[in-house]
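These notes concern the structure reproduced below.
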Amino acid sequence: MTRWRVAVLILAGLALAGCVVGGTTRQSMGVIKLGADLPLSGDDAPDGIPVKNAIELAIKAAGLVCGAASHQDGCLELQPVYYDDVSQGIHDPATGAKNLELLTGDPRVVAMVGPLYDSLARSEVPVANAAQLAMVSPAATNECLTQEPSDGHCQGLAARLRPRGANNFFRVVTTQLDEGAAGADLAYKSLGKRRAFVINDQTPFGHGIAIRFADRFVRDGGSIVDPSDLGAFDPNQPPAFGSRVQRAAELGTDVVYFGGAQTNAAASLQREMAAQMPRVPLVGSDRLANSQFAKSAGAGVRGTYYTIVGPHPASLRSAEGFLRDYQKQYGQDVGTYSLQAFDATNLLIAAIARAIDDAGGKLPTREQVLKQVSRTAGYRGVMGVMSFDAQGDTSLKLITADQWFAATDPAGRFAAQLTVDG
């Protein structure tokens, strides 16, 4: 037998036995699984498929998952398991709950990425909680999934979703209420405005973001020109903002904030502003991202800004490598939630590695993985550095601001990347 053939056999034997990294032999002891419940078909597939791609990219880059410190020789192969939560062309909470029963029924599934939507979280969290399965969502933003605001509008939902008591739901994006604070920073710091007039529809969401805007705008150094009721209006009545806009103009307003969910009301307000004070911008939440709002607002929409929870990938230097790798692998740009899903997956991989240490270099339990996810602190991902609080909310509160330029545009254009602190 030639020396060359002997060398090949030795290398093959090493490959079967494991690999040596930094003096430590790393060998796969078996398979564990990372679940994901996503919309992979129908109308929502453009949201779900890029998330699936990001998960696959993270798992492929990780290779074997080994102990983080004390048991670096204890390694496992991580395999993704995907379920489609679409029924009749759209994401469906009941289908999601059934998928969670399948995921939790497989003892090899130790954690999951998802869900994407608030309605799916409501149906899935209780199933996963009963099985102590850690969930990390790249996109769910409803504050009631994790918090109990003092106004009581969540009615104890977070507690009801957790029958075991302990938290198992985490997210790498902030809540929708932080859009109010981000809107204030946009108005004061980015647009240089100092005198704000606020209008809100009195719904929990609208009133909530209006309060956050007002508090933050004043903290930044601005003034709310008519703070008595934050411009409360009845959303059940036909929108009529003529007198309010006239009042705002008389008070020297240089920015108007709309706290509400109805696009027709926001468009009516924008048209009135275009007629009475065309140089004053309107700032609102992601409800104004709808192209129907832009069409209804007409030519005056150019003066409108809106916020969206999450990062603007192209503006983050730390994301450049991921964007390049994604484009190379899939031949297209990332989706709306790809960056968040990539961080969520890698965060879970890091937690699994620490859980392997806790398990003495063996297969970790779900409880051990959940414990390590809950201890996430100072995790450095492509979006930035994040930690989880006791409720499962992230410390990294990235919000993107876009601006409408024309009523015929399909969406606004990037205006600013905002980070809400405090």
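The values are calculated or read from the model by the stated rules, or taken from the named source; none is laboratory data. From a predicted model like this one, the values you see are computed outputs, not experimental measurements. Cβ atoms come from the backbone with ideal geometry, glycine included; neighbour counts cover every protein chain shown. Side chains included, ligands, DNA and RNA excluded: accessible areas come from the protein's heavy atoms. Shrake-Rupley method; radii C 1.70, N 1.55, O 1.52, S 1.80 Å.
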Taking just the alpha carbons, could you work out the radius of gyration and Dmax for segment 142-284, both in angstroms? 16.6, 56
At most 12 other Cβ atoms within 10 Å and a DSSP loop assignment: could you name the trypsin sites (Lys or Arg not before Pro) in segment 260-326 that fit? Arg279
Let me check against my output: what whole-number percent is the relative contact order of the chain, with C-alpha pairs under 8 Å and at least 6 apart? 18
Rolling a 1.4 angstrom probe over the protein heavy atoms, how many square angstrom per residue are accessible across segment 315-422? 45
Let me test this: with uniform point scatterers at the alpha carbons of segment 308-350, what is the Debye-based log₁₀ I(q)/I(0) at q = 0.16, 0.20, 0.26, 0.27 1/Å? -0.41, -0.64, -1.01, -1.07
Mind checking which aspartates and glutamates have their Cα closer than 18 Å to the Cα of Lys189? Skip sequence neighbours fewer than 8 apart in that chain. Asp178, Glu179, Asp215, Asp220, Asp254, Asp402, Asp421
Note, Ser318: beta-carbon cut-off 11 Å, +1 each Lys/Arg, -1 each Asp/Glu, net 0
What is the packing order of peptides 163-171, 46-54, taking the mean over residues of other C-beta atoms within 10 Å and listing the highest first? 46-54, 163-171
Compute the accessible area per residue over segment 211-259, keeping the other protein chains in place, probe 1.4 Å, unit Å². 47
Low-density loop chymotrypsin sites (Phe, Trp or Tyr not before Pro), segment 334-422, at most 16 other Cβ within 10 Å, DSSP non-H/G/I/E/B, are Phe405
Rg(Cα) of segment 360-422 divided by 2.2 N^0.38 Å? 1.73
Using only the alpha carbons, work out the radius of gyration and Dmax of segment 304-378 in angstrom. 16.3, 56
In this model, which of Lys52/Lys328; Lys52/Lys362; Lys52/Lys98 are farther than 21 Å apart at the alpha-carbon? Lys52/Lys362
Equivalent ellipsoid dimensions for the chain as semi-axes, Å, which come from the Cα gyration tensor, largest first: 46, 22, 19
If I compute solvent accessible area with a 1.4 Å probe over the protein chains, what percent of it on segment 89-247 is carbon and sulfur? 49
Based on the inverse mean of 1/r over its pairs of different Cα atoms, what is the Kirkwood hydrodynamic radius of segment 53-175, in Å? 15.7
Amide H to amide H, which residues 5 or more places from Cys66 or on other chains are under 5 Å from it, using H placed in the peptide plane? Leu76
When each pair of different Cα atoms in segment 80-124 is counted once in the 1/r mean, what is the Kirkwood radius in angstroms, to one decimal? 10.8
Equivalent ellipsoid dimensions for segment 119-225 as semi-axes, Å, which come from the Cα gyration tensor, largest first: 33, 14, 10
Based on the mean of other beta carbon atoms within 10 Å per residue, what is the order of 69-78, 182-191, most packed first? 182-191, 69-78
Would you calculate a helix-derived [θ] at 222 nm for the chain, using -39,500 (n - 2.57) for each DSSP H run of n ≥ 4 and dividing by the full residue count, to the nearest 500? -11500 deg cm²/dmol
Rounded to 0.05, the calculated FRET efficiency for the beta carbons of Arg160 and Ala406 at R₀ = 30 Å is 0.10
Residues whose modelled amide H sits under 5 Å from the amide H of Ala232, counting only those 5 or more places away in sequence or on another chain, are Asn200
